[in-house]
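The block underneath contains the structure these notes are about, expressed in structure tokens.
Derivation of every value follows stated rules applied to the coordinates shown; laboratory data play no part. Quick caveat: nothing in here was measured; it's all calculated off a predicted structure. Using ideal geometry, Cβ is built from the backbone for each residue, glycine included, and neighbour counts are taken over all protein chains shown.
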Amino acid sequence: MCSLVQQRRLTSLSVTDDGGLLVPKDPPAPPPQLAAAAGGTAFPGPAPSGGPAGDAGARHAVHYLAGEVRSPALQTVLDRTAALLDFPFGFVTVLDTDSLHTLVATGTSRRQTVGRAGAPCDEVVRTGAPLLIGDLLAPDHHRASHPAPYPVPAGVRAYLGVPLHGREGTVIGSLCLMDPAPRALTPEDSALLTRQAEVVEDHLDLHRRRSDLHLVPTGPTACGPAGRDPRAEAGPGPARGPRPLGAVSAAADLRRGLRAGEIEVHYEPVVELATGTLSGFEALARWQHPRRGLLAPAAFIPLAEDSDLILELDLVVLDGAVRQLRRWQRRRPGLRMNVNLSARHLQHPECVARILDVVAGAGVAPQAVGLEITESALIDLTPCAVQVVQDLRREGFQVLFDDFGTGWASLAYLLHLSADGVKIDRMFTSALSTSTGSTLVRAVLALTAELGLRTVVEGVSTAAELRRTRELGCDLAQGHFLGLPLPAGAVTL
């Protein structure tokens, strides 16, 4: 004997003009407007108006649209979710600025793209809250966000949807269930679907990771609005294995902390080795968490690097650092400031204008700012990345490759991305007491000298290491032996 869900999947229901149901007809097919959730006629209605997800959510949603989602596990999760709540139709949707994309569906095989305006899923994404509609045809049915009842999708009477959050903590889509029959929906139904949504989020993140690592097919890798590759826009980072449970909530907490101004900047001195004088500082992020106290970068930078939050974080640190530099330059006019810049920025041509705006707003010349691009981050050496680096240098910024020698393609960076200097990673500094360590650093210095690049040695922690860096002919050095990272108020010039 088949279950109620199975029975419903054996028929296709549609709504007549007077609200009656026509049943049954075979072979099974989704009601026409259910196809609009998976592809077909769009829901009519007002255009989306931002909400909690807003432009950020639409921007982050593109990361989940790179390539076709081929996940039997995600399909199984959706099938079981629909069966658990006794719904015949279920959809995993992702919404960008204008469109609703169905990634996975149950009860229908149609997975297409339609306009998002006026769809119930649009309200879920805009409000970031569950939406329960027991009967779309009920005469008293309306939502606060709509002056009139929803346009009734043909064949749909009941709707239950909850938001799906992306890696950045913003709402990027919905997990929704639909029924051709009206039904009573409870907060318990919403809570159960929300728990299932957490599982769906993990599967979507896995798809995004595979896309970042080029394991799913995508379109052309053109840079810019036309032909933009969502994979390139994501700026692939190093593989870190499965996302830990709670990463979405952790990302949302970091996003909140950025908005609340909880990111602090500490300053580590950089010393000119030839003279022993202060050249400038490297700006380092710290998070003054309201419950966990002051957090070191290792506690939150990997989380930010795993998402687009690193773009916002970098600009927050840059803004604080150049404003502080301006104050210090009144006493030390030649002082410089180095700021970390994630390789993700290189996939965004508009980043040059953003960085210029921040620096100009502080009244600092770009020539006084060094941008340290993390060399260990796995990025594509796309024409876009090359152009961004060239534009930054043309504007007067110094570009340095950070953690040089630890990443996947040190020499490829030097070949394709013009730079002003490199930072020798602390791993090599700590090995200077060995023959192998000294030989490797000497080789790097010979290479950079031939290319006309400046060198900064990181992680100098003993007098012996400082002496050896001078003997080898390094230009600049930093590390705990020369000065700890400190908040601006504790720095002595």
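For this structure, a couple of remarks:
- Taken about its Cα centre, the range 234-490 carries a charge dipole of about 700 debye when Lys and Arg each add +1 at the Cβ and Asp and Glu each add -1 at the Cβ.
- Peptides ranked, highest mean first, by Cβ atoms within 10 Å: ranges 95-106, 158-169, 455-466, 478-489: 158-169, 95-106, 455-466, 478-489
- Note on GLN390/ALA129: beta-carbon distance plugged into 1/(1 + (r/R0)^6) with R0 of 35 Å gives a FRET efficiency of 0.20.
- Full-stretch length increase - ALA181, VAL199 - with 0.36 nm per residue and alpha-carbon distance subtracted: 3.8 nm
- Distant-in-sequence amide H partners of LEU136 (H built 1.01 Å from N, under 5 Å): ALA158
- Computed from the Cβ-Cβ distance with R0 of 25 Å, the FRET efficiency linking VAL491 to ARG292 stands at 0.50.
- Rounded to 5, percent antiparallel among DSSP beta bridges of the range 234-490: 45
- For VAL399, nonlocal amide neighbours, meaning residues 5 or more places apart or on other chains whose placed amide H falls under 5 Å from its own, are LEU371, ASP420, GLY421.
- Measuring max minus min along each principal axis, the C-alpha atoms of the range 234-490 give extents of 48, 41, 37 Å (largest first).
- Rough spin-label spacing in nm, given labels placed 7 Å along Cα→Cβ, for ALA353 and ALA191: 4.8
- Near the amide H of ARG116, within less than 5 Å, lie the amide hydrogens of SER99, LEU100, all on another chain or at least 5 residues away, with H placed in the peptide plane.
- Sites GLU272 and LEU137, calculated FRET efficiency, Cβ-Cβ separation with R0 60 Å, nearest 0.05: 0.20
- Coil-residue trypsin sites (Lys or Arg not before Pro) of the range 294-391, DSSP, other Cβ within 10 Å capped at 16: ARG330, ARG331
- For the range 242-374, convex hull of alpha carbons as volume per residue, Å³: 129
- Ranking of TRP328, TRP287 by neighbouring Cβ atoms within 10 Å, starting from the fewest: TRP328, TRP287.
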